[in-house]
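I have placed the structure first, in the form of structure tokens, so that the comments after it can refer back to it.
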Amino acid sequence: MAQIVVYGIITGAFYGLAAIGLSLVFGVMRHMNIAHGSFLMIGGFAAYWLFHLLKLDPFVSIPLVMVILFAIGAALYKGLFSRLDKLPEGLKINNSMLVGFGLTWVIDNLAILFWTSDVRAVTPSYTGKVWHVLPGLRLPVIGLVVIGIASLVIFSLYLILTRTYFGKSVRATAQDRDAGNLMGINVERTYLIFFALSSALAGIAGVVAAVNYSVYPTVGFEWLLKAIIILVLAGFGKIGQVFAAGLLLGIIEGVSVYFVGATYREVVGLVIFILVLLRRST
Amino acid sequence: MLEVEQIDVYRGDTQILWSVSLAAEDGKITALLGSNAAGKTTLLMTISGLIKPWRGRICLEGQQIDKQPVHKIVELGMSMVPEGRRLFPEMSVFENLELGAFTRKARETKDRMIEEVFEIFPILKTRKVQMAGTLSGGEQQMVAIARALMSQPKLLLIDELSLGLAPLIMQHISETIKQINMTKGLAIFIVEQNVFMTLEMADYGYILENGRIVGEGEAKKLLQSEEVKNAYLGIGEV
Amino acid sequence: MGYSKRGFVISGIAILLLILFPLVAGTQHTLNLFIVLFIMVILAQSWNILGGYAGQISLGNAAFFGVGALSFHFLAWRGGLPLYVALPAGGVTAVILASLIGIPALRLRGAYFAIGTLALAEALRITVGNLFPLTVYIPTAHIVSYNLLSRYYLALMVAVITQGVAYCTIKSKIGLAMMAIRDDDEAADTSGVHLFKYKFVALAFSSFFSGLAGGIFAYYQDSIVPAFLFTPQWTFEPLVAASVGGSGTLFGPVIGSVFLIILTELFALTLGKAYLIIFGAIFIFVVLFFPGGLIDASERIRKSIFG
């Protein structure tokens, strides 16, 4: 059982990484970026190609992948999402979802066009290496790296949001956009950078996915599903809660799969989702 | 300092301001009076750049600002205490003040300004780490003013200072504002419903009714004018 | 917008033509094309009622479609129920499923409903893929007696019914309430419109007819991979059709579907997967710049020419 919890924690750390970008963007800018899953996929493929063409270790390639996704996110925000900024909130959320949905379609099919639908995975030399901590308790090395990355991300985000002027300006504009403008904050540019940052976060998750699981062009939706469940569980914007929700989902999934089998794994998440909504709506 | 020339302003399809012109002098306190739906807040929001005028010009120290984005106007030296304070509720008093000094120029003098602001409003020092949303109305107003001062503006806009404040606190704050004006020579443009107190504080005043300027003059003269007395002092007397 | 006599007349003529057409010039290829078109129209209109009229964006129509198809397959092909029982039963199953998300999510504002439907479709896709990994076929007995023409008329009939019910709904008090909710749900709420009830009616309509469309597909297609029924394309294509044609209009989904099918026919062979990308790009373009779709654009052109 402890083994299951360990795997659950590793999975959960990944889920948190997948969800954090989506959660932050929605909390600050009220954009539900449906294309978030596709950003993850791009990150995964970037790691794959960097590994196969340049022999670059995936975890080492993370900064580079972040830069790539940052650029892509910034370009897409500038070109598409920023045009929705002026709309009233209900319409903005709706239209940003539609645009995101369309974007997913475009990106995923571009990926199929360029890279075929084949499943790829990154298998560095230390794949499968395991640490035997106690009898019956195995810690995969990669899993530990994942947890490490997740912790690093949490810590860095926390520092950025509370200690830097940029982070404070982000939090401020999320609470009162007009007042943010009155402080001299260029709210539009802040949003642009923040969106690009969250795309970079998706990229990190994508690298982890490529190593720990696998990537193929339509995988984005599956990760998006997890991110959505966590978003609903955790509320949005609080970093710690997102990761905690991720861990919770990871562990619950792991435990239920043990008892009910892997066939119904997704149903677990869906049930949690429905239960949380039921609770919220009463 | 500030020149507003014949601006027409719309909210949606409705015209709120009709050919409004006024000026705020360097180093002086200029007041804008008018009853509730006269358009005072719309005017301030237009001056600060949150709304753009349909016609007309607004100049700050001779530079045209009506087409500039809000944050640029702030960088040029205008600061606003918005109606309802508009603090960042889930951030501490200290963080709110820090954000007041967001512009590059202001960040250099941030620490000094925080000291200064704590001298003007000593009570804020004790509330430094408290969440801004949990303060009382009067304290929030002080934070809002302090925050606006952090960027060392040339022109300070104040929208509805007295809203929701007990008279005694209102008195204290308006005296503090008068003091700030005198010691720093800061030009202040204040929009108010509380006519008596504002005219006592101000040097010059304008009266806005139904989106049009219907009167102006030196504050002392306005206080004594028949129209103002009849129209407002019955309502706005402290 | 007035659904003038002219609209009725044109629709009537179109339906008549569609009924007569296969008897005169129907090749197997064109019949197949039209069946796909009719299914698309049903799906697009279903999305439209929920998203275009009631303002509740659904990103998971594939779930309703898939459930309808799967139910039909098991009830009709495996369970032996007659067509006219299995088909509506599929629709009802879809409604039940929709309620799972709808009942909690429609009480809340914001993105919850949309992402809920997305989550539902995705979770079902994976789970169904796990449960039924193999292709399923129409039983041989029915393959022998397979009649393409009868499927054509079935699809046409259901499409016309869908349009009809949509029209009646829009014209009625229900439609007014939906549009009020779409345009300003707070104002609607304070005016006494029972938000949840009308949102749910829209959802029931949308899921029922999507389920019917799924059933028709299962009736028509001789072999299907179950998980395929739940793939995002079954959400995306009707969505694009409705939006490009003009969401919030009665004929938008029809026009959009025709547009989509024509483009597919023209480009699928020459461009391969690339045409999907073009669809996506057109869609994004429409959402950002032409929210009223083709119908709105043509209205504007007409107004600028004729004044």
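What number of residues within segment C:225-284 are among the polar types (S, T, N, Q), closer than 23 Å to C:Val67 by Cβ and away from chain A (no Cβ under 12 Å)? Give the derivation first.
Applying the first criterion (among the polar types (S, T, N, Q)) to segment C:225-284 yields C:231, C:233, C:235, C:243, C:247, C:249, C:257, C:264, C:270.
Applying the additional criterion that residues be closer than 23 Å to C:Val67 by Cβ yields C:231, C:233, C:235, C:257.
Narrowing further to those that are away from chain A (no Cβ under 12 Å): C:257.
Number of matching residues: 1.
From C:Ile224, C:Ile161, grab the single residue that is within 25 Å of C:Ile19 (Cβ to Cβ) and out of contact with any Phe, Trp or Tyr (no Cβ under 6 Å at 6 or more places or on another chain).
C:Ile161
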Inset, instruction - State whether the residues of segment B:142-150 include one that is more than 14 Å from every other protein chain (Cβ to nearest Cβ), at pLDDT 85 or above and part of a helix (DSSP H, G or I). - result: yes
Legend entry - Qualifying residues in segment A:184-238 (those that are away from chain B (no Cβ under 14 Å) and among the polar types (S, T, N, Q)) - the one nearest to A:Phe26 (Cα to Cα): A:Ser198
Legend entry - Single unsatisfied condition, B:Ala24 versus (1) modelled with pLDDT of 85 or more; (2) over 28 Å from B:Gln152 (Cβ atoms): (2)
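In segment A:143-154, is there at least one residue being within 14 Å of chain C (Cβ to nearest Cβ), surrounded by 13 or more Cβ atoms within 10 Å (Cβ to Cβ), out of contact with any His (no Cβ under 9 Å at 6 or more places or on another chain) and at pLDDT 85 or above?
Taking segment A:143-154 first, the residues within 14 Å of chain C (Cβ to nearest Cβ) are none.
Taking every residue of segment A:143-154 in turn, none turns out to be within 14 Å of chain C (Cβ to nearest Cβ), surrounded by 13 or more Cβ atoms within 10 Å (Cβ to Cβ), out of contact with any His (no Cβ under 9 Å at 6 or more places or on another chain) and at pLDDT 85 or above.
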Legend entry - So A:Leu137, is it under 14 Å from A:Gly37 (Cα atoms) and either among the acidic types (Asp, Glu) or out of contact with any Lys or Arg (no Cβ under 8 Å at 6 or more places or on another chain) (or both): no
Legend entry - Which numbered condition C:Gln233 misses (of (1) modelled with pLDDT of 85 or more; (2) of a type outside the set (A, V, I, L, M); (3) farther than 25 Å from C:Val92 by Cα; (4) surrounded by fewer than 20 Cβ atoms within 10 Å (Cβ to Cβ)): (3)
Legend entry - For C:Gly211: the one exception among (1) within 14 Å of chain A (Cβ to nearest Cβ); (2) touching a residue at least 24 places away in the same chain (Cβ under 8 Å): (1)
Legend entry - In segment B:76-108, residue nearest to A:Phe166 (Cα to Cα) [restricted to those that are surrounded by fewer than 18 Cβ atoms within 10 Å (Cβ to Cβ), more than 7 Å from chain A (Cβ to nearest Cβ) and touching a Ser or Thr at 6+ places or on another chain (Cβ under 9 Å)]: B:Lys105
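Hey, does segment B:66-86 have a residue that's closer than 21 Å to B:Asp203 by Cβ, among the charged types (D, E, K, R), in the same structural domain as B:Tyr204 (by TED's automatic domain parsing) and in contact with a strand residue (DSSP E or B) (Cβ under 9 Å, 6 or more places away or on another chain)? Quick ask: steps written out before the conclusion?
Of segment B:66-86, the ones closer than 21 Å to B:Asp203 by Cβ are B:77-81.
Checking the rest, the ones that are also among the charged types (D, E, K, R) come to none.
No: zero hits.
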Inset, instruction - Run A:Ala111 past the list (1) at pLDDT 85 or above; (2) within 23 Å of A:Val219 (Cβ to Cβ); (3) surrounded by fewer than 21 Cβ atoms within 10 Å (Cβ to Cβ); (4) not polar (S, T, N, Q) and report the number of the one that doesn't hold. - result: (3)
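Quick one: which helices (runs of 4 or more DSSP H) lie wholly within segment A:146-216 and hold at least 3 residues that are closer than 30 Å to A:Ala47 by Cβ?
Working: elements: A:165-175, A:177-182, A:187-212.
So the answer is A:165-175, A:187-212.
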Inset, instruction - Scan segment A:45-68 residue by residue and report those that are in contact with a Phe, Trp or Tyr (Cβ under 9 Å, 6 or more places away or on another chain) and free of Cβ contacts under 8 Å to residues at least 12 places away in the same chain. - result: A:Trp49
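Which helices (runs of 4 or more DSSP H) sit wholly inside segment C:57-151 and have at least 3 residues that are more than 14 Å from chain A (Cβ to nearest Cβ), surrounded by 24 or more Cβ atoms within 10 Å (Cβ to Cβ) and within 19 Å of the chain's Cα centre (by Cα)? Give the derivation first.
Details: elements: C:61-72, C:83-105, C:112-131, C:140-144.
Of the helices (runs of 4 or more DSSP H) lying wholly inside segment C:57-151, those with at least 3 residues that are more than 14 Å from chain A (Cβ to nearest Cβ), surrounded by 24 or more Cβ atoms within 10 Å (Cβ to Cβ) and within 19 Å of the chain's Cα centre (by Cα) span C:61-72, C:83-105.
Counting only residues that are among the hydroxyl-bearing types (Ser, Thr, Tyr) and outside any loop (DSSP other than H, G, I, E, B), which one in segment B:182-229 is farthest from B:Thr30 (Cα to Cα)?
Going through segment B:182-229, the residues among the hydroxyl-bearing types (Ser, Thr, Tyr) turn out to be B:183, B:198, B:204, B:206, B:225.
Next cut, outside any loop (DSSP other than H, G, I, E, B) only: B:183, B:198, B:204, B:206.
Values: B:Thr183: 16, B:Thr198: 9, B:Tyr204: 5, B:Tyr206: 8 Å.
The qualifying residue farthest from B:Thr30 (Cα to Cα) is B:Thr183.
The values are calculated or read from the model by the stated rules, or taken from the named source; none is laboratory data. What you see is a predicted model; the values in this text were computed from it and never measured. Cβ coordinates were reconstructed from backbone atoms using ideal geometry, including for glycine residues, and neighbour counts include every protein chain displayed.
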